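Here the structure is laid out as structure tokens; the discussion comes afterwards.
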Amino acid sequence: IAGSYAYVKTSTDGGATWVDRTSASGSTRYMYALAIGPSDQILGTGQLGYIRTSTDGGATWVDRTTAASGGTLEIKGCAIGPSGQMLVVGEAGYCQSSTDGGSTWTDRNAATGVGSAAMMSCAIGPSGEMSIVGVSVNRTSTDGGASWTDRHAASGAGTAGIEAVTIGPTGQMLVAGNGYLSASTDGGATWTDLLSYAPTGTLYACWTAPGGESLVGGAAGYLQTNETYSY
């Protein structure tokens, strides 16, 4: 699945052909994040509180903005876990989770303790563990978002704005941001600085594969895969 301003398309053949879902998704705003779940459900978030879900590959969508209390906030990140649980984050400390496909949502802002900090990305791991990152934010949860552990100091992020987080299939974590790249294999308790392998500019995206291979992307068209981003 791919999206941008008023644009959503899906592919079922590895990207060889695409189906336009823009009209079906009802997106007339910037799409900041899209996630696909284990049963092919789709979650999309974006500008002005945009939150929508699909259970038929994007052919039809349900607006969840009101249910998730998105209001007019910029919803920057979303994730779907192995059991279909959903997590969305955004500006002004916005953090909500759902366990029923987006029909109802639980506000996790108070639980995270991030106040009004902007959160940029989130991830759900193979055992349901969660991670949220943003401006001076790096936190993890093992109870569905009911409580969170601050990993900001442990990861050595300082005042770096963290733009992206991913949790691999064996629980390895990778976070990337403004002059920042770090990995953890113990749920965020300890971290390994990987910035020496990457540019000092802003990294906006990261992803991990089953074997621990990683991909990072950033400013000025930067895109890199490597063997040294192992865990």
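The values are calculated or read from the model by the stated rules, or taken from the named source; none is laboratory data. Model, not experiment: these values are computed from the prediction. FYI the Cβ positions are ideal-geometry reconstructions off the backbone, even for glycines, and counts take in every protein chain you see. These area figures cover heavy atoms from the full protein model, side chains too; ligands, DNA and RNA do not enter into them. Shrake-Rupley method; radii C 1.70, N 1.55, O 1.52, S 1.80 Å.
3J(HN,Hα) couplings calculated from phi for the stretch 153-159 with the Karplus curve 6.51 cos²θ - 1.76 cosθ + 1.60 (θ = phi - 60°) are, in sequence order, 5, 4, 7, x, 6, x, 9 Hz; Gly and Pro show x.
Ignoring ligands, DNA and RNA, what percent of the accessible area of the stretch 72-143 is carbon or sulfur (1.4 Å)?
On the way: 1150 of 2450 Å².
Carbon plus sulfur share of accessible area: 47 percent.
3J(HN,Hα) couplings calculated from phi for the stretch 40-51 with the Karplus curve 6.51 cos²θ - 1.76 cosθ + 1.60 (θ = phi - 60°) are, in sequence order, 6, 6, 10, 10, x, 9, x, 5, 6, x, 5, 9 Hz; Gly and Pro show x. Per residue of the chain, what 222 nm ellipticity follows from adding -39500 (n - 2.57) for every DSSP H run with n ≥ 4, rounded to the nearest 500? Mean residue ellipticity at 222 nm (helix-derived): -500 deg cm²/dmol.
Backbone amide hydrogens, once placed in the peptide plane, bring Gly134 within less than 5 Å of Met120, Ile162, excluding anything fewer than 5 places away on its chain.
Result for the chain in a Gaussian network model with C-alpha springs under 10 Å: among Pro126, Pro169, Pro38, the largest mean-square fluctuation is at Pro38.
For the chain, the residue among Ala189, Tyr7, Gln96 whose Cα projects farthest onto the positive side of the dipole built from Cβ charges is Tyr7. I need the shape label for the stretch 16-89. Rule: rounded when a/c is under 1.5, else prolate if a/b > b/c, else oblate, with a, b, c from the alpha carbon gyration tensor. Since a/c reaches 1.5 but b/c is at least a/b, the shape of the stretch 16-89 is classed as oblate.
For the chain, the relative contact order comes to 10 percent (Cα pairs under 8 Å, sequence separation of at least 6).
According to the square roots a ≥ b ≥ c of the eigenvalues of the Cα gyration tensor, what is the shape class of the stretch 95-231, taking rounded for a/c under 1.5, prolate for a/b larger than b/c otherwise, and oblate for the remainder? Prolate, since a/c reaches 1.5 and a/b exceeds b/c. Here the Karplus curve 6.51 cos²θ - 1.76 cosθ + 1.60, taken at θ = phi - 60°, turns the phi angles of the stretch 129-145 into couplings of 5, 10, 9, 10, 9, x, 6, 6, 10, 8, 9, 10, 9, 10, 10, x, x Hz, with x standing for Gly and Pro. Distances between placed amide hydrogens fall under 5 Å for Ala33 paired with Thr45, all partners being 5 or more residues away or on another chain.
As a ratio to 2.2 N^0.38 Å, the alpha-carbon radius of gyration computed for the chain takes the value 0.95.
At a probe radius of 1.4 angstrom, the accessible area of the stretch 81-231 per residue rounds to 41 square angstrom.
R0 = 30 Å: FRET efficiency of Asp20 with Thr106, Cβ-based, nearest 0.05?
Calculated transfer efficiency: 0.35.
State to the nearest 20 debye the size of the charge dipole of the stretch 1-160 about its Cα centre, where the only charges are +1 on K and R beta carbons and -1 on D and E beta carbons.
240
Amide H contacts of Tyr204 (H built 1.01 Å from N, in plane; Pro and chain starts excluded): Gly217, Gly218, Ala219 sit under 5 Å, all sequence-distant by 5 or more or on other chains.
The convex hull drawn around the Cα atoms of the stretch 1-127, when projected onto a plane and averaged over every direction, covers 7.2 nm². Its relative contact order, with pairs defined as Cα atoms under 8 Å and 6+ residues apart, puts the stretch 1-130 at 17 percent.
Relative contact order for the stretch 65-197: 16 percent, from Cα pairs under 8 Å spaced at least 6 residues apart, divided by residue count.
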